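To start, the structure itself, in structure tokens.
The values are calculated or read from the model by the stated rules, or taken from the named source; none is laboratory data. Keep in mind that this is a model prediction, so the values were computed, not measured. Ideal geometry is used to build each Cβ from the backbone, glycine not excepted, and the neighbour counts take in all protein chains shown. Areas reflect the complete protein model, heavy atoms only, side chains present, ligands, DNA and RNA absent. Shrake-Rupley method; radii C 1.70, N 1.55, O 1.52, S 1.80 Å.
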Amino acid sequence: MQRPVPDDVPEGIPFGWWDAESTVYPSPEKAHKGKDWRAVKRPCWFREPGTITFAGLLGELGLYCQMRSKADSDRFWGLAHMSQCGVLPGHLVAAGEPVSLTGGVPGEYGAGKSTGPHLHEEVRIGWQWGKRVDPDSIWEDGVDKDVITNALNVVWGYAELLEKPPGLKRTGQKQAAKALKEAVVAVKVETGLQ
């Protein structure tokens with residue numbers, strides 16, 4: 001899936017980062033709940049298409065823009081610490097369509113509680129202010145990797161049940177189990193989930 005910023009913008013703090021000596025992220029429970037991109041007033045966009053649900057100041061996040069995914073109405077992408085925002089709630093945006101500029105210097109309009117100029121990107125699942133997940137866990141087509149992995153694990157478990165059924169063995173069960181396992185392996189290889 002494309003980045004939310006130009007290719008020359010370096011990554012900042014990753015999702016889930018914490019450090020015992022940090023005053024902001026001192027433990028796994030208080031780990032960073034987004035992905036940061038280090039840039040001063042550069043164009044930024046959402047990784048997939050959708051509808052803007054919020055655009056404005058939001059406490060420590062500063063100038064914040066949120067978009068509901070077109071592919072999954074339970075997925076909300078957020079961009080924070082921006083220096084400008086060029087969209088309003090209800091606006092339809094395409095993947096890669098510039099919607100704002102990344103953050104400026106701390107203390108400027110839109111920076112919120114920021115220690116330096118950057119863009120904070122987050123994904124919330126379930127509802128507008130739901131559980132946050134790693135933005136990099138969402139695939140090109142907008143599918144969550146964990147959902148696919150869990151489904152493949154269920155299929156694999158079913159194949160194992162077919163291999164070792166209680167009671168009588170039915171004709172073709174071992175062949176069916178083998179075919180299911182081969183399909184799971186093929187999907188994992190194709191998607192890079194090995």
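Here are a few things to note about the model shown:
- Residue in the stretch 114-122 that is open to solvent by 70 Å² or more (accessible area, probe 1.4 Å), closer than 18 Å to A55 by Cα and over 14 Å from the mean Cα position of the chain (by Cα) present: no
- Single condition R75 does not satisfy, out of (1) open to solvent by less than 10 Å² (accessible area, probe 1.4 Å); (2) basic (K, R); (3) modelled with pLDDT under 90: (3)
- Among the residues listed as V105, V5, the single one being of a type in the set (A, V, I, L, M), touching a Pro at 6+ places or on another chain (Cβ under 9 Å) and at pLDDT 90 or above: V5
- When P14, P49, P106, P6 are checked against the criterion of being in contact with a Lys or Arg (Cβ under 7 Å, 6 or more places away or on another chain) and farther than 23 Å from K131 by Cβ, a single residue qualifies: P6.
- Looking only at the stretch 1-52, and only at residues there that are open to solvent by 30 Å² or more (accessible area, probe 1.4 Å) and among the polar types (S, T, N, Q), the one that is farthest from R75 (Cα to Cα): T23
- Out of P98, P89, one residue alone is in contact with a Cys (Cβ under 8 Å, 6 or more places away or on another chain) and open to solvent by 10 Å² or more (accessible area, probe 1.4 Å). It is P98.
This table checks each residue for (1) at pLDDT below 85; (2) within 27 Å of the chain's Cα centre (by Cα); (3) of a type in the set (V, I, T); (4) part of a helix (DSSP H, G or I).
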{"residue": "A151", "(1), (2), (3), (4)": "yes, yes, no, yes"}
{"residue": "V154", "(1), (2), (3), (4)": "yes, yes, yes, yes"}
{"residue": "G167", "(1), (2), (3), (4)": "yes, no, no, no"}
{"residue": "K181", "(1), (2), (3), (4)": "yes, no, no, yes"}
